[in-house]
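Please read the structure below before turning to the comments.
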Amino acid sequence: MIDVRPSQQMRDLGVVQHGAGILSEPARAFDLPAERDEAERITDELFAAMERIGQVHPFAKGMGIAAPQIGIARAAAIVQPPGDGPAITLLNPRITARSGQTDEQYEGCLSFFDVRGLVLRPLKITVETTALAGETVTTVYERGLARLIHHEVDHLDGLLYTARMFPGVEPIPVEEYRQTGRSWAYE
């Protein structure tokens, strides 16, 4: 049997990989409710991609995917919290507040799944999103869910988690990460 690298597996599932320009460009916001149909179509594509990925890889700590990761430069992302909670749809998300308390955890990214990196993030964030009907919704997220949401908002801003790592610190191979015993958040 041929061993397929995790990043190749993600590529085969339709996930845009590191180095593609779309991952480093800010995504275009939706004009809601005027673009409601487009937002719903893209959200459906994100859910379909999440379903494909979830069939080949378990995500015990939750996962998320942003539209640029499936080749769509629009401000939409889906986050599946750990456990059986409902998925969170993010349209035009913007972080409006961050707590001063932070923690550093390993994160992974579907767009370069062969490595994991230590990322410092706030333990609590406030996020404004746009509902399909056009109203602004403000939600506070904490701890692991805040990390997942922040990671996805970064994607929509054209940032990868490596931009948030301390200078001189590099991601480690997934095989080495597994030996650390540290918890982490998935994307």
From the protein chains alone at 1.4 Å, what is the descending order of accessible area for ASP44, ASP154, largest first? ASP44, ASP154
Note to self, the chain gives a 222 nm [θ] from helices alone (DSSP H runs n ≥ 4, -39500 (n - 2.57) apiece, / all residues, nearest 500) of -8000 deg cm²/dmol
Classify the stretch 101-166 from the C-alpha gyration tensor, please: rounded if a/c falls under 1.5, else prolate or oblate depending on whether a/b exceeds b/c. oblate
For ARG41 and SER99 in one chain, what is 0.36 nm times their gap in residues minus the Cα-Cα distance, to one decimal in nm? 17.5 nm
Considering the zone a paramagnetic label at ALA29 would reach in this model (a point 7 Å from Cα along the Cα-to-Cβ line), which residues of the stretch 91-108 have amide N under 16 Å from it? 91-97
Excluding VAL119 itself, what net charge comes from residues whose Cβ is under 10 Å from its Cβ, given Lys and Arg +1 and Asp and Glu -1? 0
Amide H to amide H, which residues 5 or more places from VAL119 or on other chains are under 5 Å from it, using H placed in the peptide plane? GLN105, TYR106, GLU107
Among LEU46, LEU156, LEU32: highest mean-square fluctuation, GNM of the chain, C-alpha pairs under 10 Å: LEU32
Give the accessible area for ASP12 in Å² (nearest 10); use a 1.4 Å probe, count only protein heavy atoms, and leave out ligands, DNA and RNA. 110
Rounded if a/c is under 1.5, else prolate if a/b is larger than b/c, else oblate: which is the stretch 6-77, with a ≥ b ≥ c the root eigenvalues of its Cα gyration tensor? oblate
Most mobile listed residue (ARG121, ARG164, ARG74) in the chain, GNM with C-alpha springs under 10 Å: ARG164
Shape of the chain from its Cα gyration tensor (a ≥ b ≥ c, root eigenvalues): rounded if a/c is under 1.5, otherwise prolate when a/b > b/c, or oblate? oblate
Nearest 10 degrees, 0 to 90: helix 36-56 Cα axis against the chain principal axis: 20
Per residue solvent-accessible surface (Å²) - the stretch 29-130, probe of 1.4 Å: 41
What does the charge dipole of the stretch 3-155 about its Cα centre add up to, to the nearest 20 debye, if the Cβ of each Lys and Arg holds +1 and the Cβ of each Asp and Glu holds -1? 380
Count the net charge of all other residues whose Cβ sits under 12 Å from the Cβ of THR43, scoring Lys and Arg as +1 and Asp and Glu as -1. -3
Along the stretch 163-177, Karplus-curve 3J(HN,Hα) (6.51, -1.76, 1.60; θ = phi - 60°) to the nearest Hz, with x for Gly and Pro, reads 5, 9, 7, 5, x, x, 9, 10, x, 10, x, 4, 5, 6, 4
Averaging sequence separations of C-alpha pairs under 8 Å and six or more residues apart, then dividing by the length of the chain, give the relative contact order as a whole percent. 26
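The values are calculated or read from the model by the stated rules, or taken from the named source; none is laboratory data. Note that the structure is predicted; figures quoted are calculated from it, not measured. Please note: Cβ atoms are built from the backbone with ideal geometry, for glycine as well, and neighbour counts cover all protein chains shown. Each accessible area value is taken on the protein alone, full model and side chains, heavy atoms only, with ligands, DNA and RNA left out. Shrake-Rupley method; radii C 1.70, N 1.55, O 1.52, S 1.80 Å.
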